[in-house]
Amino acid sequence: MLIIGELINTSRKLIREAVEIRDAAYIQQVAKDQQEAGADYLDINCGNLVEQELEVMKWLVDTVQQVSDIPLCIDSPDEAALQAGLCLLNPGYRPMINSLSAEEKRFTSVLPLVKKYKAKIIALCIDDEGMPKTAEDRLRIATFLVNALEKEGVSHKDIYIDPLIKPLSTGDGHGLEVLQAISMIREKFPEISFTCGLSNISYGLPNRAVLNRLFVVQAMTMGMDCYILNPTDKVMMGTIYAAQALLGKDKYCSKYLKAHRKGLYA
Ligand code: THG
(Lines give C-alpha, C1' and ligand atoms only; values in the text may rest on other atoms or scores of the structure.)
Protein backbone atom coordinates (compact mmCIF):
# COMPACT_ATOMS: atom_id res chain seq x y z
CA MET A 1 0.00 0.00 0.00
CA LEU A 2 1.27 3.42 -0.98
CA ILE A 3 -0.13 6.53 0.68
CA ILE A 4 0.05 9.88 -1.12
CA GLY A 5 -0.68 12.70 1.35
CA GLU A 6 -3.24 15.07 -0.19
CA LEU A 7 -3.14 18.01 2.21
CA ILE A 8 -0.84 20.39 0.32
CA ASN A 9 -3.51 21.52 -2.13
CA THR A 10 -4.55 25.14 -2.65
CA SER A 11 -8.18 24.10 -3.03
CA ARG A 12 -7.96 23.77 0.78
CA LYS A 13 -8.65 27.10 2.42
CA LEU A 14 -5.82 26.97 4.99
CA ILE A 15 -3.23 26.09 2.37
CA ARG A 16 -4.47 28.81 0.02
CA GLU A 17 -4.23 31.38 2.80
CA ALA A 18 -0.74 30.22 3.75
CA VAL A 19 0.36 30.42 0.12
CA GLU A 20 -1.03 33.94 -0.24
CA ILE A 21 1.18 35.24 2.57
CA ARG A 22 4.00 32.78 1.75
CA ASP A 23 3.78 31.26 5.23
CA ALA A 24 6.49 28.64 4.78
CA ALA A 25 6.28 27.44 8.40
CA TYR A 26 2.63 26.39 8.03
CA ILE A 27 3.26 24.50 4.77
CA GLN A 28 6.30 22.82 6.32
CA GLN A 29 4.28 21.74 9.36
CA VAL A 30 1.65 20.13 7.09
CA ALA A 31 4.45 18.35 5.20
CA LYS A 32 6.02 17.05 8.43
CA ASP A 33 2.66 16.00 9.89
CA GLN A 34 1.89 13.92 6.78
CA GLN A 35 5.35 12.36 6.73
CA GLU A 36 5.13 11.43 10.42
CA ALA A 37 1.63 10.02 9.85
CA GLY A 38 3.08 7.52 7.39
CA ALA A 39 2.73 9.15 3.96
CA ASP A 40 5.01 7.65 1.28
CA TYR A 41 4.59 10.60 -1.12
CA LEU A 42 3.36 14.16 -0.70
CA ASP A 43 1.03 15.48 -3.39
CA ILE A 44 1.72 19.11 -4.33
CA ASN A 45 -1.22 20.79 -6.07
CA CYS A 46 -1.86 24.46 -6.73
CA GLY A 47 -3.81 23.97 -9.93
CA ASN A 48 -6.61 26.34 -8.94
CA LEU A 49 -4.22 29.31 -8.89
CA VAL A 50 -4.15 29.47 -12.67
CA GLU A 51 -2.30 32.77 -13.14
CA GLN A 52 0.34 32.17 -10.48
CA GLU A 53 0.54 28.41 -10.65
CA LEU A 54 4.12 28.14 -11.91
CA GLU A 55 5.55 30.45 -9.30
CA VAL A 56 3.55 28.88 -6.47
CA MET A 57 4.49 25.36 -7.56
CA LYS A 58 8.18 26.28 -7.38
CA TRP A 59 7.73 27.91 -3.98
CA LEU A 60 5.80 24.92 -2.58
CA VAL A 61 8.32 22.36 -3.82
CA ASP A 62 11.20 24.36 -2.46
CA THR A 63 9.46 25.02 0.87
CA VAL A 64 8.50 21.37 1.39
CA GLN A 65 11.92 20.03 0.43
CA GLN A 66 13.58 22.15 3.11
CA VAL A 67 11.99 19.97 5.80
CA SER A 68 10.92 16.72 4.19
CA ASP A 69 12.86 14.07 2.34
CA ILE A 70 9.99 11.88 1.18
CA PRO A 71 9.24 11.82 -2.55
CA LEU A 72 6.86 14.35 -4.07
CA CYS A 73 3.92 13.74 -6.37
CA ILE A 74 3.60 16.77 -8.65
CA ASP A 75 -0.08 17.31 -9.39
CA SER A 76 -1.24 19.77 -12.04
CA PRO A 77 -3.47 20.03 -15.09
CA ASP A 78 -0.78 22.22 -16.66
CA GLU A 79 2.34 20.68 -18.24
CA ALA A 80 4.40 23.81 -17.62
CA ALA A 81 3.58 23.66 -13.89
CA LEU A 82 4.51 19.97 -13.79
CA GLN A 83 7.84 20.82 -15.42
CA ALA A 84 8.40 23.75 -13.02
CA GLY A 85 7.99 21.45 -10.02
CA LEU A 86 9.83 18.43 -11.41
CA CYS A 87 12.98 20.34 -12.33
CA LEU A 88 13.46 21.42 -8.69
CA LEU A 89 13.15 17.97 -7.11
CA ASN A 90 15.98 16.49 -5.12
CA PRO A 91 17.77 13.92 -7.22
CA GLY A 92 17.97 10.45 -5.78
CA TYR A 93 14.37 9.33 -5.82
CA ARG A 94 11.73 8.57 -8.42
CA PRO A 95 9.13 11.34 -8.44
CA MET A 96 5.51 10.79 -9.31
CA ILE A 97 3.66 12.78 -11.95
CA ASN A 98 -0.05 13.35 -11.38
CA SER A 99 -1.17 12.86 -14.11
CA LEU A 100 -1.54 12.03 -17.77
CA SER A 101 -4.62 10.67 -19.49
CA ALA A 102 -5.63 9.12 -22.80
CA GLU A 103 -6.61 12.55 -24.14
CA GLU A 104 -4.24 12.93 -27.07
CA LYS A 105 -2.99 16.39 -26.17
CA ARG A 106 -2.44 15.51 -22.51
CA PHE A 107 -0.75 12.20 -23.29
CA THR A 108 1.72 13.65 -25.78
CA SER A 109 2.58 16.67 -23.66
CA VAL A 110 3.18 14.82 -20.37
CA LEU A 111 4.94 11.75 -21.80
CA PRO A 112 8.27 13.59 -22.36
CA LEU A 113 8.27 14.59 -18.67
CA VAL A 114 7.73 10.97 -17.59
CA LYS A 115 10.79 9.97 -19.60
CA LYS A 116 12.97 12.92 -18.66
CA TYR A 117 12.40 12.54 -14.91
CA LYS A 118 12.11 8.71 -14.93
CA ALA A 119 8.90 9.34 -13.03
CA LYS A 120 6.21 7.02 -11.81
CA ILE A 121 3.04 8.05 -13.60
CA ILE A 122 -0.58 8.31 -12.56
CA ALA A 123 -2.68 7.59 -15.65
CA LEU A 124 -6.28 8.80 -15.53
CA CYS A 125 -9.06 6.87 -17.23
CA ILE A 126 -10.25 9.80 -19.36
CA ASP A 127 -10.00 10.08 -23.14
CA ASP A 128 -11.08 12.51 -25.82
CA GLU A 129 -14.63 11.21 -25.52
CA GLY A 130 -14.65 12.41 -21.89
CA MET A 131 -15.25 10.78 -18.53
CA PRO A 132 -15.75 7.00 -18.47
CA LYS A 133 -19.25 5.75 -17.67
CA THR A 134 -18.96 2.00 -17.27
CA ALA A 135 -16.34 -0.45 -16.03
CA GLU A 136 -15.84 -1.45 -19.70
CA ASP A 137 -15.03 2.18 -20.62
CA ARG A 138 -12.38 2.19 -17.91
CA LEU A 139 -10.92 -1.13 -19.07
CA ARG A 140 -10.73 0.15 -22.67
CA ILE A 141 -9.01 3.41 -21.68
CA ALA A 142 -6.65 1.70 -19.20
CA THR A 143 -5.70 -0.83 -21.90
CA PHE A 144 -4.84 2.01 -24.27
CA LEU A 145 -2.82 3.79 -21.57
CA VAL A 146 -0.82 0.76 -20.43
CA ASN A 147 -0.05 -0.32 -24.00
CA ALA A 148 0.88 3.20 -25.13
CA LEU A 149 3.13 3.75 -22.10
CA GLU A 150 4.73 0.33 -22.52
CA LYS A 151 5.52 1.18 -26.15
CA GLU A 152 7.35 4.25 -24.87
CA GLY A 153 9.47 2.16 -22.51
CA VAL A 154 7.52 2.73 -19.27
CA SER A 155 7.45 -0.35 -17.04
CA HIS A 156 4.05 -1.64 -15.89
CA LYS A 157 5.38 -1.36 -12.34
CA ASP A 158 5.63 2.42 -12.68
CA ILE A 159 2.04 2.90 -13.88
CA TYR A 160 -0.72 3.89 -11.43
CA ILE A 161 -4.11 3.70 -13.11
CA ASP A 162 -6.68 6.10 -11.64
CA PRO A 163 -10.08 4.63 -12.56
CA LEU A 164 -11.70 8.02 -11.89
CA ILE A 165 -14.08 8.06 -8.99
CA LYS A 166 -17.28 10.01 -9.47
CA PRO A 167 -19.54 11.06 -6.58
CA LEU A 168 -22.07 8.48 -5.48
CA SER A 169 -24.45 11.42 -5.07
CA THR A 170 -24.55 11.81 -8.87
CA GLY A 171 -25.14 8.17 -9.79
CA ASP A 172 -26.08 4.99 -7.93
CA GLY A 173 -23.60 2.94 -9.94
CA HIS A 174 -20.55 5.14 -9.39
CA GLY A 175 -19.07 2.97 -6.64
CA LEU A 176 -19.70 -0.40 -8.22
CA GLU A 177 -18.40 0.66 -11.67
CA VAL A 178 -15.04 1.48 -10.17
CA LEU A 179 -14.88 -1.75 -8.16
CA GLN A 180 -15.64 -3.81 -11.27
CA ALA A 181 -13.14 -1.82 -13.33
CA ILE A 182 -10.32 -2.43 -10.81
CA SER A 183 -10.91 -6.16 -10.91
CA MET A 184 -11.07 -6.27 -14.74
CA ILE A 185 -7.96 -4.14 -15.25
CA ARG A 186 -6.07 -6.02 -12.52
CA GLU A 187 -6.78 -9.33 -14.26
CA LYS A 188 -5.45 -8.03 -17.58
CA PHE A 189 -2.38 -6.24 -16.16
CA PRO A 190 -1.28 -7.95 -12.94
CA GLU A 191 1.83 -5.78 -12.49
CA ILE A 192 0.32 -2.30 -12.67
CA SER A 193 -0.86 -0.33 -9.66
CA PHE A 194 -4.02 1.65 -9.01
CA THR A 195 -4.56 4.92 -7.26
CA CYS A 196 -7.45 7.32 -6.72
CA GLY A 197 -8.61 10.44 -4.98
CA LEU A 198 -10.71 8.60 -2.48
CA SER A 199 -12.93 11.36 -1.11
CA ASN A 200 -14.57 12.00 -4.53
CA ILE A 201 -16.89 9.09 -3.77
CA SER A 202 -18.63 10.87 -0.89
CA TYR A 203 -18.84 14.37 -2.39
CA GLY A 204 -22.28 15.91 -1.83
CA LEU A 205 -23.42 13.41 0.83
CA PRO A 206 -23.54 13.73 4.64
CA ASN A 207 -21.31 11.71 6.98
CA ARG A 208 -18.64 11.47 4.31
CA ALA A 209 -16.17 9.67 6.57
CA VAL A 210 -18.21 6.47 6.72
CA LEU A 211 -18.52 6.28 2.92
CA ASN A 212 -14.81 6.99 2.46
CA ARG A 213 -13.86 4.38 5.05
CA LEU A 214 -15.97 1.61 3.55
CA PHE A 215 -15.03 2.42 -0.02
CA VAL A 216 -11.35 2.20 0.91
CA VAL A 217 -11.83 -1.39 1.97
CA GLN A 218 -14.05 -2.34 -0.96
CA ALA A 219 -11.52 -0.93 -3.44
CA MET A 220 -8.57 -2.60 -1.66
CA THR A 221 -10.42 -5.91 -1.81
CA MET A 222 -10.56 -5.54 -5.61
CA GLY A 223 -6.87 -4.62 -5.87
CA MET A 224 -6.47 -0.89 -5.16
CA ASP A 225 -2.94 -0.44 -3.80
CA CYS A 226 -2.36 3.32 -3.50
CA TYR A 227 -4.53 6.16 -2.22
CA ILE A 228 -4.40 9.94 -2.35
CA LEU A 229 -5.84 10.88 1.04
CA ASN A 230 -5.33 12.61 4.37
CA PRO A 231 -2.79 10.41 6.21
CA THR A 232 -3.32 12.26 9.49
CA ASP A 233 -6.82 10.73 9.69
CA LYS A 234 -6.04 7.97 12.18
CA VAL A 235 -9.34 6.17 11.79
CA MET A 236 -8.84 5.97 8.02
CA MET A 237 -5.25 4.80 8.46
CA GLY A 238 -6.33 2.13 10.96
CA THR A 239 -8.89 0.87 8.46
CA ILE A 240 -6.22 0.64 5.77
CA TYR A 241 -3.63 -1.13 7.97
CA ALA A 242 -6.27 -3.60 9.14
CA ALA A 243 -7.64 -4.26 5.63
CA GLN A 244 -4.13 -4.78 4.29
CA ALA A 245 -3.41 -7.39 6.93
CA LEU A 246 -6.80 -9.09 6.49
CA LEU A 247 -6.24 -9.34 2.72
CA GLY A 248 -2.96 -11.20 3.25
CA LYS A 249 -0.78 -8.28 2.10
CA ASP A 250 1.07 -7.82 5.41
CA LYS A 251 3.43 -10.63 6.32
CA TYR A 252 3.16 -11.56 10.03
CA CYS A 253 0.99 -8.42 10.39
CA SER A 254 4.29 -6.59 10.72
CA LYS A 255 3.14 -3.29 9.21
CA TYR A 256 -0.02 -3.37 11.31
CA LEU A 257 2.04 -3.98 14.46
CA LYS A 258 4.69 -1.39 13.65
CA ALA A 259 2.09 1.31 12.92
CA HIS A 260 0.33 0.37 16.17
CA ARG A 261 3.56 0.80 18.14
CA LYS A 262 4.10 4.21 16.54
CA GLY A 263 0.51 5.22 17.39
CA LEU A 264 -0.31 5.87 13.74
CA TYR A 265 -3.91 4.73 13.85
CA ALA A 266 -7.02 4.54 15.93
N1 THG B 1 -7.03 11.73 -8.74
C2 THG B 1 -5.75 12.12 -8.90
N3 THG B 1 -5.26 13.23 -8.31
C4 THG B 1 -6.07 14.00 -7.57
C5 THG B 1 -7.40 13.65 -7.37
C6 THG B 1 -7.89 12.47 -7.98
N7 THG B 1 -5.56 15.13 -6.98
C8 THG B 1 -6.42 16.08 -6.33
C9 THG B 1 -7.59 15.37 -5.64
N10 THG B 1 -8.21 14.44 -6.56
C11 THG B 1 -7.12 14.65 -4.42
N12 THG B 1 -6.69 15.58 -3.42
C13 THG B 1 -7.56 16.20 -2.52
C14 THG B 1 -7.02 17.16 -1.68
C15 THG B 1 -7.79 17.77 -0.72
C16 THG B 1 -9.12 17.43 -0.60
C17 THG B 1 -9.67 16.48 -1.44
C18 THG B 1 -8.87 15.85 -2.40
C19 THG B 1 -9.92 18.10 0.44
N20 THG B 1 -11.22 18.31 0.21
C21 THG B 1 -12.12 18.92 1.15
C22 THG B 1 -13.30 18.00 1.34
O23 THG B 1 -13.41 17.04 0.58
O24 THG B 1 -14.04 18.21 2.24
C25 THG B 1 -12.62 20.26 0.65
C26 THG B 1 -11.55 21.30 0.61
C27 THG B 1 -11.36 22.07 1.91
O28 THG B 1 -10.85 21.52 2.90
O29 THG B 1 -11.73 23.26 1.91
O30 THG B 1 -9.43 18.48 1.47
O31 THG B 1 -9.06 12.09 -7.86
N32 THG B 1 -4.94 11.34 -9.65
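The values are calculated or read from the model by the stated rules, or taken from the named source; none is laboratory data. These numbers come from a predicted model, not from an experiment. All Cβ positions, even for glycine, are placed from backbone atoms using ideal geometry, and neighbour counts span all protein chains on display. For the accessible areas, the whole protein counts, side chains as well, though only heavy atoms, and no ligand, DNA or RNA atoms are used. Shrake-Rupley method; radii C 1.70, N 1.55, O 1.52, S 1.80 Å.
Would a scan of region 94-105 turn up a residue that is under 30 Å from Lys32 (Cβ atoms), away from the ligand (no atom under 11 Å from the Cβ) and not hydrophobic (A, V, I, L, M, F, W, C)? Yes, region 94-105 contains a residue that is under 30 Å from Lys32 (Cβ atoms), away from the ligand (no atom under 11 Å from the Cβ) and not hydrophobic (A, V, I, L, M, F, W, C). If you filter region 228-255 down to residues that are surrounded by fewer than 17 Cβ atoms within 10 Å (Cβ to Cβ) and not aliphatic (A, V, I, L, M), you find that the one that is farthest from the ligand (Cβ to nearest atom) is Tyr252.
Out of the residues in region 189-206 that are open to solvent by 20 Å² or more (accessible area, probe 1.4 Å) and in contact with a helix residue (DSSP H, G or I) (Cβ under 7 Å, 6 or more places away or on another chain), which is farthest from the ligand (Cβ to nearest atom)? Among them, the one singled out is Glu191. When the criteria are applied in full, Gln65 meets the requirement of being closer than 21 Å to Ile3 by Cα and out of contact with any strand residue (DSSP E or B) (no Cβ under 6 Å at 6 or more places or on another chain).
Checked against (1) open to solvent by less than 10 Å² (accessible area, probe 1.4 Å); (2) within 14 Å of the ligand (Cβ to nearest atom); (3) not basic (Lys, Arg), Val61 passes all but a single condition, namely (2).
Residues in region 17-44 that are in contact (Cβ under 8 Å) with a residue 24 or more places away in the chain, within 13 Å of the ligand (Cβ to nearest atom) and touching a helix residue (DSSP H, G or I) at 6+ places or on another chain (Cβ under 8 Å): Leu42, Ile44.
Filtering region 171-188 to residues that are open to solvent by 60 Å² or more (accessible area, probe 1.4 Å) and either basic (Lys, Arg) or under 18 Å from Leu2 (Cα atoms) (or both) leaves only Lys188.
Residues that are surrounded by 17 or more Cβ atoms within 10 Å (Cβ to Cβ) and within 30 Å of Ala243 (Cα to Cα) do not occur anywhere in region 76-94. The residue pairs whose first member lies in region 207-227 and is on the phi > 0 side of the Ramachandran plot and open to solvent by less than 10 Å² (accessible area, probe 1.4 Å), whose second member is among the polar types (S, T, N, Q) and in a loop (DSSP other than H, G, I, E, B), and whose beta carbons are closer than 9 Å, counting only pairs six or more residues apart or on different chains, do not exist in this structure.
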